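The structure appears right after this line, and notes come after that.
The values are calculated or read from the model by the stated rules, or taken from the named source; none is laboratory data. Keep in mind it's a predicted model, so treat the numbers as computed, not measured. FYI the Cβ positions are ideal-geometry reconstructions off the backbone, even for glycines, and counts take in every protein chain you see. For the accessible areas, the whole protein counts, side chains as well, though only heavy atoms, and no ligand, DNA or RNA atoms are used. Shrake-Rupley method; radii C 1.70, N 1.55, O 1.52, S 1.80 Å.
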Amino acid sequence: MKNIIIAIAIILTIAAIILTQEEPEPQKALVLVKGKFAFCGASGAELTGRTIEVQGKTFLEGKSICPVLDGISLANAMLVGNPSITPDSTDKTVWSYFWYLDSVPQAPTWDVLPTVNRSFVITKTQGMSNMFCMPCKVLEEKVNGVTLAECLGPINEAAIPLRRALRVVDGETSVTQAPVGATYPVGTIVPVQE
């Protein structure tokens, strides 16, 4: 499983490097960004009781608490027009981006722990959440020295494909680094070619 996630990360990274420009053109989806971002890949989400719209489609809204990191990350310019500018153009918000990490601060203690790559099957009782390129509010209080952000994103919406919102369905396999037992683990389905 780790090899699959590493392979996907390498492919996405290579694609991002090829597509990276000073100002991303609308037809280019993946771009590399340097700066602060929320990493939600090892988090779960909880329902907020509201809905959220992604590319014209409505989904149940989930909330994740994610560590704020500083460095290189991968963004989807189809969702975030200018990935270098925060959602409100201040340091009080960040976008949730992706990067393959072997260890990150994780709930509930926010100690830096190794990430565990795993997959699970979407069912009526086990959904997932997509927090890729979603807006996050930086929380004022650090926990265990870690800056955290509250991110809002769709429940049971796939991060891949990048150019349109797709609802995940029962029986699809999702990959995540969220621990077993996390509610609505942040991840995405594994694309299957037919």
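In the range 90-179, a dipole from Cβ-located charges (positive for Lys and Arg, negative for Asp and Glu) runs towards its positive end, and of 110, 98, 146 it is 98 whose Cα lies farthest in that direction. Two numbers describe the Cα atoms of the range 44-126: Rg and Dmax, which are 15.0, 39 Å.
For the range 79-173, report the accessible area per residue in Å² (1.4 Å probe, heavy atoms, rounded to an integer).
Each residue of the range 79-173 exposes 53 Å² on average to a 1.4 Å probe.
When all protein chains stay in place and ligands, DNA and RNA are ignored, the 1.4 Å accessible-area order of 95, 110, largest first, is 95, 110.
Entry for the range 75-171 at q = 0.13, 0.14, 0.15 Å⁻¹: log10 I(q)/I(0) = -0.57, -0.66, -0.76, Debye formula applied to identical alpha-carbon scatterers, no solvent contribution.
Ligands, DNA and RNA excluded, the heavy atoms of residue 92 present near 140 Å² of accessible surface to a 1.4 Å solvent probe.
Pairs over the 18 Å Cα-Cα cut-off, from the set 63/137; 28/137; 92/137: 28/137.
With all protein chains in place and a 1.4 Å probe, the accessible surface of the range 53-110 carries 54 percent carbon and sulfur.
Mind putting a number on the dipole of the range 56-194 about its Cα centre? Charges go on the C-beta only, +1 for Lys and Arg and -1 for Asp and Glu, and I need it in Debye to the nearest 20.
Dipole magnitude for the range 56-194 comes out near 340 debye.
Shown is the FRET efficiency for residue 100 and residue 53, computed with R0 = 25 Å from the Cβ-Cβ distance and rounded to the nearest 0.05: 0.30. As a size descriptor, the averaged projected area of the C-alpha convex hull of the range 37-82 was calculated at 4.0 nm².
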